[in-house]
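Everything below concerns the one structure shown next.
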Amino acid sequence: MPSYFATQADLEALLARLIAEGEVVAPVLDQGRNILQTVTAATIKDVNLAGYRTVEPYKSYVFKLTERVATYFTPSPAGQNRRLVLFGLRACDLSALDVYHKVMDEGEPAYLVVTADCTACGRTCFCNMVGGKPYAAAGFDLNITALENGYIIETGSPRGEQLLSPLPPATDDQLKLQAGVRNGTEAQLETVNQEFKCKCNINWTEAHRLNLENSKAWKEVTKKCVECSACNFICPSCTCFLLLDSRDEGSLGGARDERGTKDENSRHKVWDACLKNGYARVAGGANSRPKLFERLQNRYHCKFDYSPTRLGRYTCVGCGRCIDACAGNIDMREVYAELVRQVPLTAKLV
Amino acid sequence: MSCNGKEQYRPVKARTEKVIIETSNIKTFVFRPEEPLSFLPGQFMLVTVPGIGECAFTPSSDYKQKETLEFTIMRAGSVTGLIHQLQAGDTVGLRGPYGQPYPLPSYHGKEVYVVGGGVGLAPLRALMYGLNHEIDQLKKVVVRFGSRSPQDICYRDDLPSWGKRKKTDLVISVDTAVPGWTGNVGLVTTILKDDDVDVKNAVAVVCGPPIMMKFVNKRLLDMGFAPKDIYLSMEKNMSCGIGKCFHCNLGPYLVCKDGPVFTWEQIKDIPEPW
Ligand code: SF4
Ligand code: SF4
Ligand code: FES
């Protein structure tokens, strides 16, 4: 798809147009880190496309912490339809949204996607270990690369093309600068993750044969886990939820049954976390993962072992947020590297 | 019912028609949904207590009876406790059916060995209706059922008649007898006899508490059943029922979508699947 060159003023004009038509969430620099914020006319200048991902995942704008998904037995109220623009998300967050949509299977998402290349990676970034890249190759309406003196904007869809006002095509020299940014970040990722000496590509059939489930390694990591579920909640590609019902007090105008029960109830889809003890417990109390190490292990299996079977892909995108968030200092890369050491014949060393 | 439309989480309204007391902690509820809901034996549905929540159960009625659906439910947790308080006339919600039915056509020409325990008899009752509709295509149906005591047996009025159905052989055993019980005494595994069925041309269908399934499965393997011929009903925590919330995972499978019935062949490599 075509690439254009935009100045800072062009970028701000684009943001102003997007804000006029809906909600725009984008990275803003705060104490040296990118945090995710809703952009207003007053904060357009604060939007920062350099660096790497935001502290918080973009998922919470698509997969809400809590969302009413049904009312019964009254008609569903009409939803509101303001356009949402996910602006400046990185390749890892885009990949995580792909996970969400694969799992939920609810049709084409309605929001616009404006991705941004990572111009540097973070200390905990490891997209390169799970087969990712620090820039998006597809799946966006627009993609932006921040250069020293402007931006390269690539269109990825007819919708994206329509968002742009006329801009000059990027020159060969500008495209070379873009390639330089991308290669630079990729090289930085290799350096940052050098010590782990592995990719996250264990052959799980072999791992099961070696009875990796009973490995001491799991019990060791578990000692550090305080079961706070921060890793679950901060993870852009954790999509577990629970349905919770509530009774509405007369707002929806429902009827009453023979015994006077009102027909006004709501069902909510609420984030859930597989590390919580009650997660797999059934009525009557039986629990298929009563021990914390089993739950911790299940999280890794879910992301690297089961998801390839269920969804045809990993459900860890290597964003490193769980490493930043872990109260017990558990580093997923270290855990994985330990597993690789235990399944030596099958994991490809780099 | 749709698994991805806007209404995917919305239950269909149903009226409680009748409540039958089966045992001290098990009741059968007859629900009449406002819209027709049909299922096949082995599939499950989610029963909503309005404003409180849902629980997954396999209907226990005949799938050909379309107007009403029956659910046999043990009081086990908070939602089932509230379900047990339902009376005729009360409103509930039903969502489903979900999951894979028993592959009945693949049982044609074979003997079917049905083994159950406790409230596991509920899904097996739906299966028994299904088998009975196709009895001419089956060689025979052998039912072995275990219960804690005679008082804990569900469908007491109906159950003895199962054994009188065409080509059907039924034995019930209780763990602890009481005066007047003339049947077998002992765990269900003690009434699984090598000459009950021709294992080379039979399938086994098992439903019951996890611990019972574990031992029955072992016994069936010892009897010579092939892992692909043993069908097990797995119970896991469920929320969405449609493969999205991941609560029900069993190794790489989602019980709500890939199950709830699995062959031993499918799950034998999962550590402690029960
Ligand atoms: S598991 Fe950790 S590194 Fe992987 S996607 Fe989730 S938060 Fe990011
Ligand atoms: S994980 Fe990769 S794509 Fe994500 S922020 Fe870090 S470098 Fe960028
Ligand atoms: S119950 Fe939600 S995925 Fe199975």
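For B:D222 and A:R159, the FRET efficiency from 1/(1 + (r/R0)^6), where r spans their Cβ atoms and R0 equals 60 Å, is about 0.45. Mean projected area of the convex hull spanned by the Cα atoms of region B:102-249, taken over all viewing directions: 9.5 nm².
Per the Debye formula on identical point scatterers at the alpha carbon atoms of region B:5-98, with no solvent, log10 I(q)/I(0) at q = 0.13 Å⁻¹ is -0.37. Pairwise Cα distances in the protein assembly as shown exceed 32 Å in 56 percent of cases. Shielding by partners for peptide B:231-239, expressed as the average number of C-beta atoms from other protein chains within 10 Å of each residue's C-beta, is 4.
Helix B:210-223 axis versus longest C-alpha principal axis of chain B: approximately 30°, rounded to the nearest ten. Please label the shape of region A:49-130 as rounded, prolate or oblate, based on the square roots a ≥ b ≥ c of the eigenvalues of the alpha-carbon gyration tensor (a/c under 1.5 means rounded; beyond that, a/b larger than b/c means prolate, else oblate). Since a/c reaches 1.5 and a/b is larger than b/c, the shape of region A:49-130 is classed as prolate. Angle of helix B:121-133 to the longest C-alpha principal axis of chain B, folded into 0 to 90 degrees and rounded to 10: 80°.
Measuring between alpha carbons in the structure, the pairs from A:K219/A:K276; A:K102/A:K276; B:K236/B:K268 lying more than 19 angstrom apart are A:K102/A:K276.
Pairwise Cα distances in region B:217-274 exceed 14 Å in 52 percent of cases. For the peptide A:269-282, the mean number of other protein chain Cβ atoms found within 10 angstrom of a residue's Cβ is 3. If you wrap the Cα atoms of chain B in a convex hull and average its projected area over all directions, you get 14.1 nm². For the protein assembly as shown, the residue among A:F304, A:G139, A:Y279 whose Cα projects farthest onto the positive side of the dipole built from Cβ charges is A:Y279.
Sorted largest first, the spans of the alpha carbon positions of region A:53-189 along the three principal axes are 62, 38, 21 Å.
Under the simplified labelling scheme, the A:N287-A:L29 pair shows an inter-label distance of 4.7 nm, with each label point 7 Å from Cα along Cα→Cβ. Averaged over peptide B:72-80, the number of partner chain Cβ atoms lying within 10 Å of each residue's Cβ comes to 2.
When peptides A:148-157, B:70-79 are ranked by their average number of other Cβ atoms within 10 Å per residue, the highest-first order is B:70-79, A:148-157.
Note that chain A carries a Kirkwood radius of 22.3 Å, evaluated over its alpha carbons pair by pair. Each of the peptides B:86-95, A:15-24, A:124-133, B:240-249 was scored by the mean count of other Cβ atoms within 10 Å over its residues; in descending order, highest first, they stand as B:240-249, A:124-133, B:86-95, A:15-24. Our estimate of slack between B:E272 and B:Q87, defined as 0.36 nm per intervening residue step minus the Cα-Cα distance, is 62.7 nm. Simple point charges give the picture: +1 on the Cβ of Lys and Arg, -1 on the Cβ of Asp and Glu, and for the protein assembly as shown a dipole about the Cα centre of about 1260 debye.
Throughout, read-outs are computed from the coordinates displayed, never taken from laboratory work. Everything quoted here is computed from the prediction, not taken from an experiment. Backbone-built Cβ (ideal geometry, glycine too); neighbour counts: all protein chains shown.
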